[in-house]
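Here, each number is a calculation from the coordinates, and none is a lab measurement. Since we're looking at a predicted model, the values are computed, not measured. No Cβ is skipped: glycine too gets one built from the backbone with ideal geometry, and neighbour counts run over all protein chains shown.
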């Protein structure tokens, strides 16, 4: 079974306890002999320049993300868990056998995090969100600039490698959080809406150790239209 991670139209079926059960459409481009496959980017590697350079995007997608997919497939291949969508795997880590749990957490988290990451970027992005998400941000954080400052602080505060997130927490609303390594908000029962990758492979070729400059640059390519749609689905 080929899984469509974070499908834009139907990703949330229900929440139960800390777990999330998600629809499982198919990726037409995926290999039919593997449970998961590397998604095709919705833009060319150089399309996000000058903010994100082509060399970094190519290495990030075709090598790093591809490695997470290979590792995940190796962990679940020929097991019953190959039939589970990645959202279910990551929200049910305690249910997995110890022999594959760490690989699913790391490799599966890397696959899910990056699949969402690519979709939240666009050469026509930037600016501020409008509509329901914009209103919710104002109600929760004060205004967009206050939100971005808080997200930047959380992301800058990641020690080593990890992610800064805007997530939807069922029963609470919008939250800003961070995770280490390739851990996913899904494993905490939250729905990630937008994440910023601060592993060095995401920015080092262009920005070296200047993480703050990378965060300022990525603000120019955030695909708020997609994130707003995801927000509406998350709280439905």
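Per residue, the convex hull spanned by the Cα atoms of segment 29-153 measures out at 152 cubic angstrom. Under the simplified labelling scheme, the residue 123-residue 204 pair shows an inter-label distance of 2.8 nm, with each label point 7 Å from Cα along Cα→Cβ.
Using just its DSSP H runs of length 4 or more, each adding -39500 (n - 2.57), the chain gives a mean residue ellipticity at 222 nm of -10500 deg cm²/dmol after division by all residues. Taking P(r) over Cα pairs in 10 Å bins from 0, in percent as calculated from this structure, the corresponding entry among [x] 7, 26, 28, 20, 12, 6, 1; [y] 7, 31, 36, 18, 5, 2, 1, 0, 0; [z] 8, 34, 38, 18, 2 is [z]. Between residue 64 and residue 213, residue separation times 0.36 nm minus the direct Cα-Cα distance comes to 51.4 nm.
At the listed q of 0.18, 0.19, 0.24 Å⁻¹, the Debye profile of segment 99-167, built from one uniform point per Cα, gives log10 I(q)/I(0) equal to -0.88, -0.95, -1.17. At q = 0.12, 0.15, 0.20, 0.22 Å⁻¹, what log₁₀ I(q)/I(0) does segment 131-234 have when each alpha carbon counts as one equal point scatterer in the Debye sum? Debye curve over Cα of segment 131-234, log10 I(q)/I(0) at q = 0.12, 0.15, 0.20, 0.22 Å⁻¹: -0.38, -0.60, -1.06, -1.26. If R0 equals 25 Å, the separation of the Cβ atoms of residue 225 and residue 139 corresponds to a calculated FRET efficiency of about 0.80. Under 17 Å from the 7 Å Cα→Cβ point of residue 132, by amide nitrogen: which residues of segment 155-193? Residues passing the 17 Å test: 167-175, 191-193. Going from the residue with the fewest nearby Cβ atoms within 10 Å to the one with the most, 46, 183, 135 rank 135, 46, 183.
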